[in-house]
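Trainee: Below is the structure I would like to discuss, written out as structure tokens.
The values are calculated or read from the model by the stated rules, or taken from the named source; none is laboratory data. Quick caveat, the model's predicted, so the values are computed rather than measured. Reconstructed Cβ throughout: ideal geometry from the backbone, glycine too, with neighbour counts over all protein chains shown.
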Amino acid sequence: MEKYVIVHQPEHRRFETEVEGATAFVEYLPFESGGLNIVHTIVPPRLQGRGIAAALTQAVFEYARERGVPVKASCSYAVAWLLRHPEYQ
């Protein structure tokens with residue numbers, strides 16, 4: 001799988017990466033307790049199928065794991081990703 005430079009943009013409540021001039025991102029809403037609720041995973045059509053959404057979603061879960069905060073997956077992609085990666089549940 002290709003490596004992507006993923007940047008957390010807390011002021012925009014998202015994790016994003018730029019590939020070939022296009023931006024893909026995972027958007028979240030914070031919980032009052034400090035956790036994150038993944039609400040959207042957006043990858044431009046021409047970039048789909050490259051594992052970008054998976055890399056972004058994993059970055060959110062890794063970020064939360066490092067900080068000891070919970071993650072909720074409301075986005076259908078994040079729900080499906082979590083089912084394939086039970087080690088993050």
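Trainee: Could you check how many residues of the stretch 35-60 are assigned to a helix (DSSP H, G or I) and either more than 25 Å from G21 (Cα to Cα) or without any contact (Cβ under 8 Å) to a residue 12 or more places away in the chain (or both)? Please lay out each step first, then the result.
Mentor: At the first step, the residues of the stretch 35-60 found to be assigned to a helix (DSSP H, G or I) are 45-47, 52-60.
This time we only want the ones that are either more than 25 Å from G21 (Cα to Cα) or without any contact (Cβ under 8 Å) to a residue 12 or more places away in the chain (or both), so: 45.
So the count comes out to 1.
Trainee: Does any residue in the stretch 3-22 that is under 18 Å from A54 (Cα atoms) and of a type in the set (S, T, Y) come within less than 8 Å, Cβ to Cβ, of a residue that is loosely packed, with under 10 Cβ neighbours inside 10 Å and at pLDDT 95 or above six or more places away or on a different chain, and which pairs are these?
Mentor: Hits for this filter: T17/V5.
Trainee: Can you pull out the residues in the stretch 21-65 that are of a type in the set (D, E), out of contact with any His (no Cβ under 7 Å at 6 or more places or on another chain) and either at pLDDT 95 or above or surrounded by 13 or more Cβ atoms within 10 Å (Cβ to Cβ) (or both)? Write out each step before concluding.
Mentor: Step one: of the stretch 21-65, the residues of a type in the set (D, E) are 27, 32, 62.
Narrowing the set further to residues that are out of contact with any His (no Cβ under 7 Å at 6 or more places or on another chain) leaves 32, 62.
Passing the criteria: only E62.
Trainee: Only residues that are under 15 Å from the mean Cα position of the chain (by Cα), modelled with pLDDT of 95 or more and of a type outside the set (S, T, Y): list them for the stretch 1-20, please.
Mentor: Applying the first criterion (under 15 Å from the mean Cα position of the chain (by Cα)) to the stretch 1-20 yields 3-10, 12-18.
Restricting the remaining residues to those that are modelled with pLDDT of 95 or more gives 4-10, 12-18.
Those that are under 15 Å from the mean Cα position of the chain (by Cα), modelled with pLDDT of 95 or more and of a type outside the set (S, T, Y): V5, I6, V7, H8, Q9, P10, H12, R13, R14, F15, E16, E18.
Trainee: What number of residues within the stretch 1-20 satisfy the criterion of being in a loop (DSSP other than H, G, I, E, B) and surrounded by 12 or more Cβ atoms within 10 Å (Cβ to Cβ)? Break it down into steps so the answer makes sense when it comes.
Mentor: Here is the first cut: in the stretch 1-20, the ones in a loop (DSSP other than H, G, I, E, B) are 1-6, 13, 20.
Then drop every residue that is not surrounded by 12 or more Cβ atoms within 10 Å (Cβ to Cβ), which leaves 4, 6, 13.
Counting residues in the stretch 1-20 that are in a loop (DSSP other than H, G, I, E, B) and surrounded by 12 or more Cβ atoms within 10 Å (Cβ to Cβ) gives 3.
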